[in-house]
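Trainee: First, the structure itself, so that you have it in front of you.
The values are calculated or read from the model by the stated rules, or taken from the named source; none is laboratory data. If you're wondering where the values come from, they're calculated on a predicted model, not measured in any experiment. Here Cβ is always computed from backbone atoms with ideal geometry, including for glycine, and neighbour counts include all displayed protein chains. Side chains are part of the model used for accessible areas, which takes the heavy atoms of the whole protein and leaves out ligands, DNA and RNA. Shrake-Rupley method; radii C 1.70, N 1.55, O 1.52, S 1.80 Å.
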Amino acid sequence: MSNFDSNPFADPTDASPFQDPSVTEATANSHGGLEEYNPFEATNKQAAPGSMTTPVIPPPVKPQSQPAVMAPTSELPPAYTQSAAQPAVTEGQAELQRRQEELERKAAELQRREQQMRNAQYNIRENNWPPLPKWFPLQPCFYQDFAVDIPLEFQRTVKLGYYLWIAYEVLLLLNVFIAIAYLCAGGGSGAGLCFGLSILFLVLHSPFSFLCWYRSVYKAFRSDSSFNFFLFFFVFFFQFIVTVIQAVGIDQFGTVGWINGIEMMGLPHVSQKAVAGCMLIVAALFTTLAVLDIIYLQKVHALYRGTGASFQKAQQEFARGVVTNPGVQTATRDAAASAVSGASASMFSSGGNRM
């Protein structure tokens, strides 16, 4: 036995751990020493009879770890606070969304207008004003479509003129009903004249105002016509003066207003005072319309100056319109033919007399 077979630190009375019988026997039975000993070979080969097998020591089993469980805490998370940069981002996104919707709306409107203009080239446009039902004996006489005929920047102005014309007609209809009440309440000798003229003014004003100043401003912005601009300015200024007179309330002009309303207020009966109150309301509405007239006139004039229209251009348009008018051309041809035939007849008659 070598000197390394004993444990120098162990107690001499105790058995040395290196003197374990199984280890000693394993080393003794090995033929090639510790260098050729394979401890795993004992599990695959059956030991020789009469020899001791080396026990296989299983690897140590690790204890199974428990899954980690988060314990609930009593502290609440901090409250959410919006930073200063977030509102700016939100407002910017809303502004971009609004602009995108506006651009899409304008693109759809332009596409619709182009489609209408393409249809107009094939004479598909049909009159749509006044909007009358199919069974009515009269049919629409005009074509009106703001999105097709009027440029986008002038559509609001033309629509305001259309609404102003409708307000005139509604007020004139209201004036007829109040004139009836004025007549029934015993308004004097002028009440009957006021009632009759109110009906006449309603019947005449509706078509003439539509043709003379509303259609003029519609066609002026539709085709940038200086002639129609001048026609609108002349007729609409005249209507402004008439509206002021109507607000005054003179029986001979067929409207109830300030003068006959105040006179009616002086009558003793309560019913007469109620009618007088209604007359003063109509007078206030006529006054409001007169103010709106002058505002609308100034607005159209400002746009007219920005379109580059002029009086010389209006004269040229008028002359060109007169020359190209079919009725004028027919009348001119008839006049020229009659003049030529008259001259020929006179020449023949003078030649026969000489002979």
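Trainee: Quick check: the distance between the Cα centres of the range 124-147 and the range 229-293, to the nearest angstrom?
Mentor: Their Cα centres are 33 Å away from one another.
Trainee: Still on this structure, I have one more. Kindly state, to the nearest 0.05, the FRET efficiency for S206 paired with V248, given R0 = 30 Å and r defined as their beta-carbon distance.
Mentor: On the way: r = 22 Å, r/R0 = 0.73.
After rounding, the FRET efficiency stands at 0.85.
Trainee: Compute for the range 166-256: radius of gyration divided by Kirkwood radius, i.e. Rg/Rh, restricted to C-alpha atoms, rounded to two decimals. Don't skip to the answer; put the middle values down first.
Mentor: Numbers: Rg = 15.5 Å, Rh = 14.1 Å.
With Rh from the inverse mean 1/r over Cα pairs, Rg/Rh is 1.10.
Trainee: Ok, one more. Taking only protein heavy atoms into account and a 1.4 Å probe, give the accessible area per residue of the range 206-311 in Å². Let's see the in-between values first.
Mentor: On the way: 5040 Å² over 106 residues.
Here the per-residue accessible area is 48 Å².
Trainee: Also, I was wondering about something else. Accessible area of the range 109-201 with a 1.4 Å probe: how many percent of it is carbon plus sulfur?
Mentor: Details: 3640 of 5650 Å².
Result for the range 109-201: 64 percent of the exposed heavy-atom area is carbon or sulfur.
Trainee: While we're looking at this one, here's another question. Report, to one decimal in Å, the Kirkwood hydrodynamic radius for the range 108-249 based on all distinct Cα pairs. The partial results should precede the final answer.
Mentor: Numbers: mean 1/r = 0.0570 Å⁻¹.
One over the average 1/r among Cα pairs gives 17.5 Å for the range 108-249.
Trainee: Further, regarding this structure: Given the pairs K106/K134; K106/K299; K134/K219; K134/K299, which are separated by over 30 angstrom at their Cα positions? Don't skip to the answer; put the middle values down first.
Mentor: On the way: K106/K134 32 Å; K106/K299 24 Å; K134/K219 27 Å; K134/K299 38 Å.
In this structure, K106/K134; K134/K299 exceed 30 Å between Cα atoms.
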